[in-house]
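Working notes, beginning with the structure itself.
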Amino acid sequence: MKALSRHKRPKESVPIARPAQIVNDRGAAPPVQLGAIPPPHPGTPEVLWSGPPGTQQFAWTVDDGYCQSCIAEYVAFAQSSGIHLTLNPNGVFGSLWAPSVVAQVRDMAADRQVQFGNHTWDHQDLTKLSSTEAARDLTRNEQWIEDTFGITSRPYFRPPYGFYNSRVLSVAGELGYTSVLMWNGTFGDATLETPAQILGLAEQWLKPGTIMLGHLNHTPILSLFDQIQGIIAARNLDPVTLDEMFGTSRETG
Ligand SMILES: [Zn+2]
């Protein structure tokens with residue numbers, strides 16, 4: 001069944017996810033043509049806290065990236081496991097993305113296994129910046145993602161620290177970031193955690209409808225991928241990208 005609608009979704013003023021029509025359309029879509037960047041579609045942002053009900057989907061999202069081995073090993077894990085990820089990296093750490101890792105990610109992005117969201121260039125609290133500065137932070141990161149990976153991060157924007165206000169939403173919306181990505185589950189590893197803490201949070205939060213927050217910042221999670229995969233399999237969960245969860249596409253942006 002070929003089904004993900006490319007029509008613009010109706011915007012809602014409350015963070016309620018829509019029911020999904022399709023659980024999984026994997027394998028049906030042709031590859032993304034890297035380098036073909038759609039124009040921005042400005043609009044009123046919608047804040048997303050969870051996935052639609054009624055599926056086994058969860059979205060594994062991974063932010064920041066100030067640990068080079070974390071980037072490389074997360075990407076290698078995605079490639080070996082086939083698990084779908086959404087990456088929200090900050091371009092200020094771009095030198096930590098080795099060319100071979102970038103090449104792997106581009107292949108997986110073309111295959112719709114990996115997707116990007118915009119987490120800004122250097123991870124500042126946007127509520128403390130002027131509108132011009134906030135727009136520059138988003139635009140600079142978008143340009144880095146496009147130049148490096150050949151794909152747009154629009155319409156997804158994850159505010160650093162989850163901090164936003166009406167002005168930040170307005171700036172984001174004008175740039176085409178109409179889906180503001182929050183989360184309702186976390187591995188807790190924005191800062192250094194023990195493996196036991198991370199596994200406990202995985203047990204707690206990995207369930208249908210979760211937007212799971214992870215980070216490319218600290219190494220403890222790297223030794224837990226097998227166990228996390230075990231939880232996913234035991235619960236029959238379907239790890240998906242945001243496009244798969246919310247019916248957006250890289251062609252539309
Ligand atoms: Zn972050």
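Quick one: which residue in G209, G117 is more than 16 Å from the ligand (Cβ to nearest atom) and either surrounded by 22 or more Cβ atoms within 10 Å (Cβ to Cβ) or more than 20 Å from A72 (Cα to Cα) (or both)?
Details: G117 fails: more than 16 Å from the ligand (Cβ to nearest atom).
Step by step, each of G209, G117 is checked, and only G209 is more than 16 Å from the ligand (Cβ to nearest atom) and either surrounded by 22 or more Cβ atoms within 10 Å (Cβ to Cβ) or more than 20 Å from A72 (Cα to Cα) (or both).
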* Structure fact -> F58 fails exactly one of (1) within 16 Å of the ligand (Cβ to nearest atom); (2) outside any loop (DSSP other than H, G, I, E, B), namely (1)
* Asked: Any chance region 42-64 includes a residue that's farther than 19 Å from G185 by Cα and at pLDDT below 95?
  -> no
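Within region 63-96, can you find the residues that are in a loop (DSSP other than H, G, I, E, B) and within 16 Å of the ligand (Cβ to nearest atom)?
Answer for region 63-96, where residues must be in a loop (DSSP other than H, G, I, E, B) and within 16 Å of the ligand (Cβ to nearest atom): G65, Y66, C67, N90.
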* Asked: Does region 125-138 contain any residue that is buried (at least 19 other Cβ atoms within 10 Å of the Cβ), more than 16 Å from the ligand (Cβ to nearest atom) and under 18 Å from the mean Cα position of the chain (by Cα)?
  -> no
* Considering residues of region 72-114 that are surrounded by fewer than 17 Cβ atoms within 10 Å (Cβ to Cβ) and among the hydroxyl-bearing types (S, T, Y) only, the residue farthest from L222 (Cα to Cα) -> S95
* Asked: What number of residues within region 222-238 satisfy the criterion of being in contact (Cβ under 8 Å) with a residue 60 or more places away in the chain and either under 27 Å from G91 (Cα atoms) or assigned to a helix (DSSP H, G or I) (or both)?
  -> 4
* Are there any pairs with C-beta distances below 8 angstrom linking a residue in region 154-166 that is without any contact (Cβ under 8 Å) to a residue 60 or more places away in the chain to a residue that is assigned to a loop (DSSP other than H, G, I, E, B) and among the aliphatic types (A, V, I, L, M), with the two at least 6 apart or on different chains, and if so which? -> G162/M182
* To do: Could you list, in sequence order, all residues of region 188-208 that are out of contact with any helix residue (DSSP H, G or I) (no Cβ under 9 Å at 6 or more places or on another chain), assigned to a loop (DSSP other than H, G, I, E, B) and at pLDDT 95 or above?
  => K207, P208
* To do: Please determine, by comparing only the residues of region 140-163 that are polar (S, T, N, Q) and assigned to a loop (DSSP other than H, G, I, E, B), which one is farthest from N184 (Cα to Cα).
  => T152
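The values are calculated or read from the model by the stated rules, or taken from the named source; none is laboratory data. In this text the structure is predicted, and so the values were computed from the model without any measurement. Neighbour counts are summed over all protein chains in view; Cβ atoms, including those assigned to glycine, are modelled from backbone coordinates with ideal geometry.
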